[in-house]
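Laboratory data are not the source of any read-out in this text; all were calculated from the coordinates shown. Everything numeric here is computed off the predicted structure, so don't read it as measured data. Reconstructed Cβ throughout: ideal geometry from the backbone, glycine too, with neighbour counts over all protein chains shown.
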Amino acid sequence: MEDKGKERRRAERHRSYGAVTLSWMTGYGRTSCEGNSFDRSDSGILAEIPQPILAGTTVTVKISGSGEPFRAKVRHCRKHGAWYRIGLEFVAAPAKKAPAPAPAQEADPEAEAVAVA
């Protein structure tokens, strides 16, 4: 029997409040809605939105104030008051900004002379 209080996530969650916009394809074309995020981990995000989305649906996620949109898969969608809590698993982790390249170093003539000798 499974312990209902046991944490099943693969990555640690961190509180992360902010506005999110989700968009996905339906039989009628592209649909979108706005909601709020509550927490985030290296593998996903929990958001609350005003309408349900079927588990397994791939969505595009844009977090307010962050970089590029990214793709995620709906893992679960549960009614929570007038809203729906939706668990999203990243299809590909959101791109992190690449570190700035290291400054070029000037060649040391003495070190080059020793290496040649």
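State all residues of segment 45-80 that are in contact with a Leu (Cβ under 9 Å, 6 or more places away or on another chain) and within 16 Å of TYR17 (Cβ to Cβ); if no residue qualifies, say none. Scanning segment 45-80 gives ILE45, LEU46, ALA47, ILE49, VAL61, LYS62. For ARG30, the test of being within 18 Å of TYR17 (Cα to Cα) and charged (D, E, K, R) is failed. Just one of the numbered conditions (1) in a loop (DSSP other than H, G, I, E, B); (2) out of contact with any Leu (no Cβ under 9 Å at 6 or more places or on another chain) is not true of ASN36: (1).
Scanning segment 40-61 for residues that are surrounded by 16 or more Cβ atoms within 10 Å (Cβ to Cβ) and in a strand (DSSP E or B) turns up ARG40, GLY44, ILE45, LEU46, ALA47, GLU48, ILE49, VAL59, THR60, VAL61.
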